[in-house]
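The values are calculated or read from the model by the stated rules, or taken from the named source; none is laboratory data. Every value quoted in this text rests on a predicted model; they were computed, and no experiment measured them. Here the Cβ positions follow ideal geometry from the backbone for every residue, glycine too, while neighbour counts run over all protein chains shown. Note: accessible area is taken over every heavy atom of the protein model, side chains too, but ligands, DNA and RNA are not part of it. Shrake-Rupley method; radii C 1.70, N 1.55, O 1.52, S 1.80 Å.
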Amino acid sequence: MTTLDSAAIPGATGHDDAALQQKAKDHLWMHFSRQSTMETSGVPIITRGRGHHIYDIHGREYFDGLSGLFVVNAGHGRRRLAEAAAKQAEQLAFFPIWSYAHPSAIELADRLAEYAPGDLNHVFFSTGGGEAVETAFKLAKYYWKLQGRPTKHKVISRAVAYHGTPQGALAITGIPAMKEMFEPVTPGGFRVPNTNFYRAADVGAPADDIEAFGVWAANRIEEMILFEGPETIAAVFLEPVQNSGGCFPPPPGYFQRVREICDQYEVLLVADEVITGFGRIGNMFASTTYGFQPDMITCAKGMTSGYSPIGATIISEKIYEPFRTGTTSFYHGYTFGGHPVSAAVALENLDIFEEEGLNERVRENSPLFRAELEKLLDIPIVGDVRGDGYFFGIELVKDKATRETFNDEESEHLLRGFLSKALFDAGLYCRADDRGDPVIQLAPPLTIGVPEFQEIEQILRGVLTEATNRAADFRGHQHGGEHLLVPARV
């Protein structure tokens with residue numbers, strides 16, 4: 001962690017930390033966070049970003065190991081993106097795409113269709129990932145009604161998968177603890193096992209052959225379709241690399257088998273690429289990386305590198321066909337969907353991707369990133385390193401030999417009581433996540449390379465070594481110091 005000259009950091013001298021903390025305590029409701037912590041300890045206030053670094057109100061520097069929230073793929077402080085936003089806002093700050101259009105939305109739709117695999121040629125804009133998933137869910141049900149098959153309304157997703165918080169998207173999300181307080185949620189969501197090969201034996205799956213495991217996991221989708229009845233299943237929603245639970249990549253052949261199953265039983269396949277899209281796995285869409293053809297793609301986050309909010313659902317010719325002629329309309333939309341400023345920023349951001357070869361950089365450097373992180377496997381608390389592209393998870397275990405995990409209380413003390421704050425204090429913003437087994441997640445900006453991989457490894461090594469040394473102390477004991485900036489449940 002580096003402390004900069006406060007005069008060089010806008011915000012270090014331009015904001016009153018105590019006054020902001022009080023205003024936050026009085027009025028700001030943090031997302032996915034315990035308000036009690038802000039009430040008692042305050043909240044880290046980030047004032048500036050530059051490249052792969054962020055700076056707090058005191059001028060302290062941190063490595064942004066999560067790209068904000070899997071978002072700032074092109075890095076912080078891109079002047080040309082700010083200028084693109086300002087130029088568009090001056091020309092046309094807002095106009096809806098409800099029966100009208102504007103050039104930025106048209107050009108961006110054309111660009112996304114060019115990047116998307118196969119015949120995914122039609123783009124429905126929203127303002128974020130949850131809305132993109134909500135759109136796909138509603139469209140899948142409507143599509144089957146237009147085909148004269150109204151009973152096809154159920155959706156399948158994977159255990160521990162996160163697909164958003166709107167009522168429809170929440171039905172697809174596979175994390176019970178995030179849904180129980182809002183029940184009853186939209187009906188029709190069903191869960192199948194995910195592709196956590198490290199825990200294959202725990203669910204009775206092949207644990208010594210990853211391809212056999214992939215077939216087993218895919219066949220659980222077929223099993224669920226048959227159990228519920230193919231005449232009732234509208235779609236399957238899958239992230240190419242599942243985020244929640246700790247970066248589960250697909251086994252070889254997994255998506256090819258899933259595509260076969262969906263075709264056989266006439267079920268739509270939706271690739272949720274809100275995180276994996278726009279270079280995170282090394283292509284504009286990870287569907288391309290893994291060689292499968294979805295019927296819809298949902299995307300958001302990295303499309304603008306977070307410089308302005310936007311989301312999109314990209315739709316195949318088959319699904320679009322009933323809307324091509326006649327009087328049929330999709331009665332769904334968002335005021336700010338396809339916003340002129342966001343669309344203009346997205347176009348400029350995608351130009352940066354192409355000019356700087358960010359996808360190629362990820363594909364070239366991903367094995368080197370993995371190799372650095374795998375050095376951490378010599379630490380007793382580190383059980384598994386997994387992921388792809390610039391998207392990795394490190395699973396923490398109580399016993400490496402048996403793969404025994406921490407119980408809920410121990411996980412609470414490990415992640416919130418020690419690791420979250422310790423990592424941030426050591427200069428690394430990342431994520432300690434306990435929605436499945438305890439993991440640390442990394443998704444840095446796509447602009448970094450080997451020196452930065454080594455820096456991440458060194459920070460992690462120091463903190464995880466200390467966590468191992470302190471394990472006997474924090475298990476089963478209450479520790480203070482929960483740190484909101486690295487939330488365990490987001």
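Here are a few things to note about the model shown:
- Qualifying residue in the range 407-424 (condition: surrounded by 21 or more Cβ atoms within 10 Å (Cβ to Cβ) and under 20 Å from Arg370 (Cβ atoms)): yes
- Pair list, Cβ under 9 Å, 6 or more apart: the range 436-452 residue touching a residue at least 40 places away in the same chain (Cβ under 8 Å) and open to solvent by 10 Å² or more (accessible area, probe 1.4 Å), other residue in a loop (DSSP other than H, G, I, E, B) and aromatic (Phe, Trp, Tyr): Asp437/Phe406
- Consider the range 314-337 and keep the residues that are closer than 20 Å to Gly168 by Cβ, free of Cβ contacts under 8 Å to residues at least 12 places away in the same chain and in a loop (DSSP other than H, G, I, E, B). The one that is least open to solvent (accessible area, probe 1.4 Å) is Ser329.
- Count of the range 160-181 residues which are over 17 Å from Glu131 (Cβ atoms) and either surrounded by fewer than 20 Cβ atoms within 10 Å (Cβ to Cβ) or acidic (Asp, Glu) (or both): 7
- For the range 28-59, filtered to residues that are touching a residue at least 24 places away in the same chain (Cβ under 8 Å) and open to solvent by 80 Å² or more (accessible area, probe 1.4 Å), the residue that is farthest from Asn359 (Cα to Cα) is Ser41.
- Condition met for Thr298 (among the hydroxyl-bearing types (Ser, Thr, Tyr) and open to solvent by less than 20 Å² (accessible area, probe 1.4 Å)): yes
- Every residue from the range 1-27 that is exposed (fewer than 12 other Cβ atoms within 10 Å of the Cβ) and at pLDDT 80 or above: Asp16, Ala18, Ala19, Lys23, Asp26, His27
- When Ala116, Ala86 are screened for being open to solvent by less than 20 Å² (accessible area, probe 1.4 Å) and either in contact with a Phe, Trp or Tyr (Cβ under 9 Å, 6 or more places away or on another chain) or of a type outside the set (Val, Ile, Thr) (or both), only Ala116 passes.
- Counted residues, the range 186-212 - those being part of a helix (DSSP H, G or I), closer than 30 Å to Thr165 by Cα and in contact with a Phe, Trp or Tyr (Cβ under 8 Å, 6 or more places away or on another chain): 2
- Counted residues, the range 284-295 - those being under 29 Å from Glu83 (Cα atoms) and surrounded by fewer than 22 Cβ atoms within 10 Å (Cβ to Cβ): 0
- A search for C-beta distances below 6 Å between a residue of the range 109-135 that is more than 14 Å from Glu317 (Cα to Cα) and any residue that is open to solvent by 20 Å² or more (accessible area, probe 1.4 Å) and modelled with pLDDT under 95, counting only pairs 6+ apart in sequence or on different chains, returns Gly130/Thr165; Gly130/Pro166; Glu134/Pro166.
- Criterion violated by Asn283 - all others in (1) touching a strand residue (DSSP E or B) at 6+ places or on another chain (Cβ under 9 Å); (2) not in a helix (DSSP H, G or I) satisfied: (1)
- Check on Leu347, part of a helix (DSSP H, G or I) and under 23 Å from Ser126 (Cα atoms): yes
- Inter-residue pairs, beta-carbon under 8 Å, first modelled with pLDDT of 95 or more and small (Gly, Ala, Ser) and in the range 361-376, second open to solvent by 70 Å² or more (accessible area, probe 1.4 Å) and assigned to a helix (DSSP H, G or I), 6+ apart: none
- Top-ranked residue of the range 468-480 - restricted to ones that are within 27 Å of Glu39 (Cβ to Cβ) and not in a loop (DSSP other than H, G, I, E, B), ranked as modelled with the highest pLDDT: Arg470
- All positions within the range 60-94 that are of a type in the set (A, V, I, L, M, F, W, C), free of Cβ contacts under 8 Å to residues at least 60 places away in the same chain and under 26 Å from Phe392 (Cα atoms): none
- Note on the range 256-283: residues that are at positive phi and crowded, with 24+ Cβ neighbours inside 10 Å total 2.
- Pairing each residue of the range 216-236 that is open to solvent by 30 Å² or more (accessible area, probe 1.4 Å) and modelled with pLDDT of 95 or more with any residue that is among the polar types (S, T, N, Q) and assigned to a loop (DSSP other than H, G, I, E, B), provided the two are 6+ apart or on different chains, yields C-beta distances under 6 Å for Glu231/Thr151.
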